[in-house]
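Here is the structure we will look at, set down as structure tokens.
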Amino acid sequence: MKRIALFAAALAISAPVFAVPETFDFDNNHTFPSFSYSHFGYTVQTSRFNKTSGKVVIDAAAKTGSVDVLIDTQSVDTGSAQFNEHIQGPDFLDTAAFPTASFKSTKVVFDGDKPVSIDGNLTLKGVTKPVTLKVTGYQRMLHPMAKKDAIGANATAMVKRTDFNAGKYAPYVGDDVTITIAIEAIKE
């Protein structure tokens, strides 16, 4: 009987670890997509969206994952009420016709147990284009306040405004736009 118990214990220890996907919901108080661009060559302007929702699914053992982001484009915050209204107009975000933008991943690339890039599709103003987000600063740990596992990272990509029918004043107002998504998410 003792041999059977030892054999069972050895078998359990040597059994492969099966991958388990984990889902993390965005912490909406700490997740903000931002975008920056050259303003007539004078400065780099940075604005953000204040309302974003989404999920991250990670299976660290299998080195797979997915990211879904939904952005309320009407929550754009340029720091100026007048410019918020201007950028929501048809020449730029056209938030009356397109109140949301989204990013849906198609592939997450890992280096070890950390994601380093995310391929996916960005939809803005009804136009969908492939985009690769470079991931920096990925962190996973117990959230000190929520007492649950949490993840965080910054993900950055460069897009052209003209590709999304938002190219008014290009090239004077830069066509190249850097998108950065600061994501914090808590395990379900």
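The values are calculated or read from the model by the stated rules, or taken from the named source; none is laboratory data. A quick note: this is a predicted structure, and the numbers were derived from the prediction, not measured. Positions of Cβ are generated from backbone atoms using ideal geometry, with glycine treated the same way; all protein chains shown enter the neighbour counts.
Among the residues of the range 92-101, some residue qualifies, meaning at least one is at pLDDT 95 or above and in a strand (DSSP E or B). Residues in the range 30-87 that are touching a residue at least 24 places away in the same chain (Cβ under 8 Å), β-branched (Val, Ile, Thr) and part of a strand (DSSP E or B): Thr52, Val56, Val57, Ile58, Thr64, Val67, Val69, Ile71, Val76.
Does Ala146 fit the bill of being part of a loop (DSSP other than H, G, I, E, B) and surrounded by 18 or more Cβ atoms within 10 Å (Cβ to Cβ)? It is false that Ala146 is part of a loop (DSSP other than H, G, I, E, B) and surrounded by 18 or more Cβ atoms within 10 Å (Cβ to Cβ). For the range 143-179, filtering for residues that are farther than 21 Å from Val116 by Cα, without any contact (Cβ under 8 Å) to a residue 24 or more places away in the chain and among the hydrophobic types (A, V, I, L, M, F, W, C) leaves 2. On inspection, Ala157 passes the criterion of being assigned to a strand (DSSP E or B), within 23 Å of Lys55 (Cβ to Cβ) and touching a Lys or Arg at 6+ places or on another chain (Cβ under 9 Å). Scanning the range 118-150 for residues that are touching a strand residue (DSSP E or B) at 6+ places or on another chain (Cβ under 9 Å), charged (D, E, K, R) and farther than 30 Å from Thr95 by Cα yields Arg140, Lys148, Asp149.
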